[in-house]
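Input: a single structure, listed below in structure tokens.
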Amino acid sequence: MRLLSFFCLLCALDGVVNELITVKLGQVTPQECPQQRDGAKLSVQLINALNDGQGFVVGSLPGNYVRFELVSEVLSSEGTEDYPVQHASTLQSLLGSHDPLFLIGTCSWSAEYEKQVVKESNKILMAQVGPDEYYSDDFPSIFGIHVSNKQYSSNALKMLSFEGARTVAIAGREASLFFRTTCESAEQYALEYGMELSMPRVTYPAEGTASQVNDRDYQRQLAKEIAESNPDVIVGCVGAPEADVWVETWVELEFQPKAVWLTCTTWGWPETLGMQGGNGSYMLGAGQWHPAMKYTDSLVGDTATFLRLFEEKFGYDATYDAVASYTIPFLYMRVMQRVYSNVHMYNLSSADIPYEIYHHTLLEGFSEPKTLFGPVTLDENRRNYGRHPSSSQFLPVNDSTDYLAHRCVAPLEVLDAQLVYPAPASVACSGDTSLDFSGKQCLLCSKCVECVTNRTCDSVVYIGQVVPDSCSQHRDGVGIAVQAINSQNGGKGFQVGYSELQDPYCGCFMKFEFISITHAPGAENLDNYSDVHSGVVQQIIDTYDPELFVGTCSFTADYEKETLNDANKIFMALVGPNAYYEGDHQYLFGMHISSYLYAEPVLKLISFEGARTVAIAGREASLFFRTTCESAEQYALEYGMELSMPRVTYPAEGTA
């Protein structure tokens with residue numbers, strides 16, 4: 001009622017007195033935060049230049065203008081021990097000496113030092129802080145222009161999961177709020193998008209004497225553990241010190257993740273590694289704003305103009321910190337214009353507007369769709385939810401990765417490049433190329449190099465097999481496969497030879513030679529066939545020394561197992577029963593699915609359809625017949641069936 005009555009009173013005032021008044025804005029920053037200071041400076045200068053230097057118009061009638069005066073206090077290094085007290089007392093002194101109408105927030109990492117002073121003064125502060133927790137109910141006059149950092153990883157993880165990423169490792173600092181809550185929300189998004197953690201999320205102390213931020217041994221070990229978990233994607237809520245160690249360690253380990261997302265990626269970290277051929281290629285990150293966001297306002301018009309003006313005036317490039325700070329005075333201008341919009345003009349300097357009018361204007365769903373920072377809309381928590389954060393990826397400008405470009409890959413409506421996933425380092429080499437880790441140290445860049453030589457290998461790889469005539473399927477299947485493999489690469493065979501195996505880089509092309517001996521028809525029925533079979537296997541070993549053997553038919557497989565095992569030959573058997581692979585046979589492998597499983601799906605289905613009894617009978621040998629029926633009995637009982645008679649076995653070998 002008080003607000004309504006006040007506006008009615010103003011509406012009743014008559015008389016128009018053209019007037020220009022000055023409204024003060026206050027800001028305190030450490031010297032390390034030029035972006036926040038200079039963004040606000042440029043905004044105030046452009047606002048005051050409106051209307052031939054008279055500032056911006058307020059009120060429903062023409063002729064009344066407001067100019068801003070920015071009172072900016074710059075303090076010494078934020079890292080000094082007494083800085084928190086110094087920052088708070090300087091802000092308190094600024095309020096007492098200048099009584100600014102509004103405050104502009106400092107850098108996010110020194111913002112905590114302003115909260116109590118703001119609460120006691122009840123001054124409106126537009127902060128530049130991401131974590132939601134900063135804007136608690138205990139500080140009702142603090143508003144936030146930044147979008148929530150909890151959304152930072154959302155777009156990237158959503159796109160990565162869509163592109164096929166299935167596992168993620170997440171690690172980062174336990175403090176501050178920004179690092180902790182960014183990684184907490186990353187875990188939630190990853191699970192929401194169907195990804196799994198390759199290892200439990202890791203946090204480590206980041207403050208005081210217990211801090212492990214600069215502990216190289218700890219960070220190296222953490223990087224190794226991440227690599228050992230072999231995730232598709234890595235999310236790190238870290239600064240440059242940890243990022244340097246992690247990447248260095250992964251390069252040493254020759255680890256090749258498909259994607260890496262780090263909070264520090266958009267803080268100039270890749271540039272410190274070297275924009276010219278740096279290790280930041282293909283790294284992902286997020287930020288409050290990106291130059292690809294083609295938002296506009298009524299002061300500079302567009303992003304390109306702002307960036308040009310900022311560089312001309314201050315001599316360095318603007319980041320999203322400058323854009324956010326630049327937008328805050330612009331929002332305060334809009335707030336004042338709305339407060340005065342329904343007021344028939346009066347003498348501005350004598351108007352005594354209750355301060356809660358400004359609070360009320362911001363709290364009641366304040367929205368400004370056209371700012372250089374993008375749409376700004378304040379929610380019930382006094383946070384900006386007008387748009388999503390930007391998702392970035394550092395992409396090479398050319399094939400040589402000699403220069404990186406900071407590209408925007410999300411949101412969809414503002415992107416200027418497509419996400420690259422998986423990173424080239426994780427993509428298998430193909431054609432006349434081979435893997436080589438001895439070149440550039442770029443973690444995510446392709447390690448494939450063109451073959452310096454293109455020769456055939458000095459030797460072939462022999463594959464041995466012995467089969468009875470009745471097993472032509474086994475013989476001919478291998479023969480067709482060998483023929484197809486040898487016809488690859490223009491008849492040169494398959495490529496081998498990584499840099500550690502062949503000089504100078506990649507290898508050679510290799511072919512298989514299939515040594516197959518087929519016994520005469522009926523030979524397997526001879527009483528001494530087991531000795532004949534094993535003798536021929538030994539003959540192939542002595543003559544050709546094949547690296548590999550392919551198994552014979554299952555019913556003659558026992559006749560070669562011990563001979564091949566004694567010769568330490570890699571042997572791929574074509575036998576179903578698990579029992580065949582028991583014992584000390586370290587080079588014996590099985591291609592077949594276990595015969596134990598043969599009856600399981602049918603028995604499960606027919607029991608579901610109502611079958612209640614079963615009769616089981618079969619050969620006592622070989623292993624295949626016996627174990628298939630043994631497992632069938634077990635599955636029948638497991639699925640609630642009963643034997644209508646005891647399982648029957650009968651001799652199947654020799655005279656019996």
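The values are calculated or read from the model by the stated rules, or taken from the named source; none is laboratory data. Keep in mind the model is a prediction, meaning the values are calculated, not measured. Note: ideal-geometry Cβ built from the backbone for every residue, glycine included; neighbour counts use all protein chains shown. With ligands, DNA and RNA removed, areas are computed over all heavy atoms of the protein, side chains included. Shrake-Rupley method; radii C 1.70, N 1.55, O 1.52, S 1.80 Å.
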For the chain, the longest principal axis of the Cα atoms and the Cα long axis of helix 2-12 enclose an angle in degrees, to the nearest 10, of 50
Of every hundred units of 1.4 Å-probe accessible area on the chain, the number belonging to carbon and sulfur atoms, as a percent, is 51
In order over region 238-250: 3J(HN,Hα) from phi, Karplus 6.51/-1.76/1.60, θ = phi - 60°, whole Hz, x for each Gly or Pro, gives 9, x, 4, x, 6, 4, 4, 5, 4, 5, 4, 5, 5
Quarter of the surface of the C-alpha convex hull for region 135-278, i.e. direction-averaged projected area in nm², equals 10.2
Contact order relative to length for the chain, counting C-alpha pairs under 8 Å separated by 6 or more residues, stands in percent at 11
For Arg220 the rounded accessible area (nearest 10 Å², probe 1.4 Å, non-protein molecules ignored) is 60
Under a 1.4 Å probe, counting only protein heavy atoms, Leu20 has an accessible area in Å², nearest 10, of 80
Output for region 531-592 (equivalent-ellipsoid semi-axes, sqrt of 5λ from the C-alpha gyration tensor, Å, descending) is 18, 12, 10
Given Cβ charges of +1 for Lys and Arg and -1 for Asp and Glu, the option among Ser594, Pro131, Phe255 whose Cα lies farthest towards the positive end of the dipole of the chain is Pro131
With 0.36 nm assigned to each residue of separation and the Cα-Cα distance removed, Glu228 to Arg216 gains 2.5 nm
Quick calc: nm separation of the 7 Å Cα→Cβ label points for Leu61 and Asn578 -> 9.5
Out of Gly268, Ser229, Ala190 - ranked by how far each Cα lies towards the positive end of the dipole of region 142-293, with unit charges on the beta-carbon of charged residues - the top one is Ala190
In debye to the nearest 20, the charge dipole size for the chain, taken about the Cα centre with +1 at each Lys and Arg Cβ and -1 at each Asp and Glu Cβ, equals 2040
Helix 623-638 sits off the longest principal axis of the Cα atoms of the chain, rounded to the nearest 10 on a 0 to 90 degree scale, by 50
Rounded to 0.05, the calculated FRET efficiency for the beta carbons of Tyr650 and Tyr193 at R₀ = 60 Å is 0.55
Low-density loop chymotrypsin sites (Phe, Trp or Tyr not before Pro), region 174-280, at most 14 other Cβ within 10 Å, DSSP non-H/G/I/E/B, are none
The size of the Cβ-based charge dipole (Lys, Arg +1; Asp, Glu -1) of region 60-144 about the Cα centre, to the nearest 20 debye, is 420
Sorted by chain and number, the residues with a modelled amide H under 5 Å from that of Val233, at a separation of 5 or more or across chains, are Thr167, Val168, Ala169
Among the Cα-Cα pairs of region 273-337, the proportion with separation greater than 17 Å, in percent, is 53
Under the 7 Å Cα-to-Cβ spin-label approximation, Asp416 and Ala240 lie apart by a distance in nanometres of 2.3
Checking rank on 86-96, 148-158, with mean other Cβ inside 10 Å and highest first, the result is 148-158, 86-96
So for region 168-232, using the alpha carbon gyration tensor with a ≥ b ≥ c as root eigenvalues (a/c under 1.5 gives rounded; past that, a/b versus b/c decides prolate or oblate), I'd call it oblate
For the chain, the per residue accessible area (1.4 Å probe, Å²) is 46
Long-range amide H partners of Phe494, meaning residues 5 or more apart or on another chain whose placed amide H is closer than 5 Å, are Met510
Probe 1.4 Å, all chains present, heavy atoms only: His592 accessible area in Å², nearest 10, is 90
Applied in sequence order to region 81-87, the curve 6.51 cos²θ - 1.76 cosθ + 1.60 (Karplus, θ = phi - 60°) yields integer Hz couplings, x standing for Gly and Pro, of 4, 8, 4, x, 5, 4, 5
In Å, the C-alpha Rg and Dmax of the chain are 37.2, 127
